[in-house]
Amino acid sequence: MLDYTEQIDFYLKRLFPICRSITGEGNRETLRILQEIIPLIIKEYPTGQQVYDWTIPKEWNIKDAWIKNSRGEKIVDFKCSNLHVVSYSVSVHKTVQIDELKPHLHFLEHLPEAIPYRTSYYKEDWGFCLSYNDYQCYFNDGDIYEVFIDSELKNGSLTVGELLIEGKSKKEYLISTYICHPSLANDNLSGVIMTAFLGKELQEIKNNFSYRIIFVPETIGAIAYCANNEKIMKKIKTGFVVSCVGGPGKYGYKQSFNKEHWVNRFIEQTFHENRIQYRTYPFDIHGSDERQYASPGFRMNTPSICKDKYYEYEFYHTSLDNLNFINAETINDTLDFYLQIMEKLDKNLTYEKRIPECEVMLSRQGLYPKEGGGLIPGETTTNELDTLLWLLFYCDGRTSLFEISEILHEPMNRIYELAFTLEEKKILVRTEPE
Ligand code: ZN
């Protein structure tokens, strides 16, 4: 099994403190660091660009933010955690009464140590997030406070990262993850780093298919990418949305919109092969960027494999989803699992017989017992011959090798190797159905 644990750990520590959002320098810095792992192309989509029903917002950057008490002591400080500021907060500097400040403070009474993660992308506002313990300790009725946010909203751009790994076939699979979360570990720094190493591995393999790997801010980034690459994205039918892959809990997977799709069975089969217990989450209209990819205009099947799925764990979208909550070894395990799936997926070819009409004359190819007449199916035929005959029967240019392996109850690898032999003998030719 491959081991990237040390490198994953290195990049977790390096990327965790960066303040990311749906736009801004933090996203560019993150993508530039990922370029050390894979040759990502960084693309910018400008503020104001119309992308389907959405408009790319102004670019947001922040330098500093704090709240001081009446003695001039900083009681909330952005420099300690970038979660302290509501993402996309506009600049503010004033002295306020507690009653005016309260609607701008966010905390969680049920998780008193945690700073919540909050955003205000599409409503110009400002706010601070803090632990309930700090709120109780530092904020009192009747007091006044000085609030300061040094941020900028300007006409700029939204940044995405893209890597196309070309295989023998131009048919593409999508691997998409999101880069818009600030200092939050499982959701989704774990997914960002795992996707980078998945790309690195896929680059080193001689692939049958092509892989499009994208790092986009969630929702608006995926929408912007689809709008700017519509023709390509409409051709892609299958992929994965990588999210939350490093938590301490159980494995699970969110099915793609068509639960009968082979990619879901692929995942389940691989869980079984690894003897991993898992939870199945049916497709839902909430979630991550599969919401865009599965929309009627695209209808892509993009499941997600998670270890502690978003919404499900207690520390979700809080400062407790940090580097103590996840670990690099778990991310490496999930990476290994994803790679097993990719290996199968890359072998999931479709073939048709060069001469589809009637049977192939196998004896001419040295593939049939030389002496005829004495053959009773199931008794004197070899299992190998039966598999070969069935494989030729199902190779209609549409049925994939995985589907054939399921029908025949044979391991995928065996079917793949057999098909490959028949391809070399020019009995089978590859096809590219949708
Ligand atoms: Zn999230």
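The values are calculated or read from the model by the stated rules, or taken from the named source; none is laboratory data. Only a predicted model underlies this, so the values are computations on that prediction, with no experimental measurement involved. Neighbour counts are summed over all protein chains in view; Cβ atoms, including those assigned to glycine, are modelled from backbone coordinates with ideal geometry.
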If a residue must be more than 19 Å from the chain's Cα centre (by Cα) and among the aromatic types (Phe, Trp, Tyr), how many such residues does the stretch 1-57 contain?
4
Checked against (1) surrounded by 16 or more Cβ atoms within 10 Å (Cβ to Cβ); (2) on the phi < 0 side of the Ramachandran plot; (3) out of contact with any His (no Cβ under 7 Å at 6 or more places or on another chain), ASN301 satisfies every condition except (3)
Per the filter on the stretch 65-89, residues farther than 17 Å from PRO182 by Cα, touching a strand residue (DSSP E or B) at 6+ places or on another chain (Cβ under 9 Å) and either surrounded by fewer than 19 Cβ atoms within 10 Å (Cβ to Cβ) or hydroxyl-bearing (Ser, Thr, Tyr) (or both) are LYS68, ASN69, SER70, GLY72, LYS74, ILE75
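If I ask for residues that are of a type in the set (Ser, Thr, Tyr) and at positive phi, which ones from the stretch 50-108 would you list? Break it down stepwise before answering.
Applying the first criterion (of a type in the set (Ser, Thr, Tyr)) to the stretch 50-108 yields 52, 55, 70, 81, 87-89, 91, 95.
Those that are of a type in the set (Ser, Thr, Tyr) and at positive phi: TYR52, TYR88.
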Report every pair of residues separated by at least 6 positions or lying on different chains whose Cβ atoms are under 8 Å apart, first residue within the stretch 118-134 and over 22 Å from CYS80 (Cα atoms), second in a strand (DSSP E or B) and modelled with pLDDT of 95 or more.
TYR121/SER87; GLU124/LEU153
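Kindly establish whether GLU218 is modelled with pLDDT of 95 or more, more than 14 Å from the ligand (Cβ to nearest atom) and among the acidic types (Asp, Glu).
The answer is no for GLU218.
A quick yes/no check of all residues on (1) surrounded by 15 or more Cβ atoms within 10 Å (Cβ to Cβ); (2) among the polar types (S, T, N, Q):
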residue: ASN324; (1), (2): no, yes
residue: PHE337; (1), (2): yes, no
residue: ASP346; (1), (2): yes, no
residue: GLU352; (1), (2): yes, no
residue: PRO356; (1), (2): no, no
residue: GLU359; (1), (2): no, no
residue: SER363; (1), (2): no, yes
Taking the conditions exactly as written (in contact (Cβ under 8 Å) with a residue 24 or more places away in the chain, at positive phi and within 16 Å of the ligand (Cβ to nearest atom)), does THR195 satisfy them or not?
no
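Rundown of residues vs (1) touching a strand residue (DSSP E or B) at 6+ places or on another chain (Cβ under 8 Å); (2) of a type in the set (Asp, Glu), yes/no style:
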site	(1), (2)
PHE393	no, no
ASP396	yes, yes
ASN413	no, no
LEU418	no, no
THR421	no, no
LEU428	yes, no
THR431	yes, no
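Restricting attention to the stretch 192-215, and to residues there that are in a loop (DSSP other than H, G, I, E, B) and either in contact with an Asp or Glu (Cβ under 7 Å, 6 or more places away or on another chain) or not basic (Lys, Arg) (or both), which single residue is modelled with the lowest pLDDT? Quick ask: steps written out before the conclusion?
Residues of the stretch 192-215 in a loop (DSSP other than H, G, I, E, B): 205-209.
Restricting the remaining residues to those that are either in contact with an Asp or Glu (Cβ under 7 Å, 6 or more places away or on another chain) or not basic (Lys, Arg) (or both) gives 205, 207-209.
Working: ILE205: 89, ASN207: 94, ASN208: 95, PHE209: 97.
Within the stretch 192-215, the match that is modelled with the lowest pLDDT is ILE205.
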Between residues in the stretch 159-183 that are under 15 Å from ILE41 (Cα atoms) and more than 16 Å from the ligand (Cβ to nearest atom) and residues that are of a type outside the set (Gly, Ala, Ser) and assigned to a loop (DSSP other than H, G, I, E, B), which pairs lie under 6 Å by C-beta distance while being six or more apart or on different chains?
GLY161/LEU40; LEU163/ILE38; LEU163/LEU40
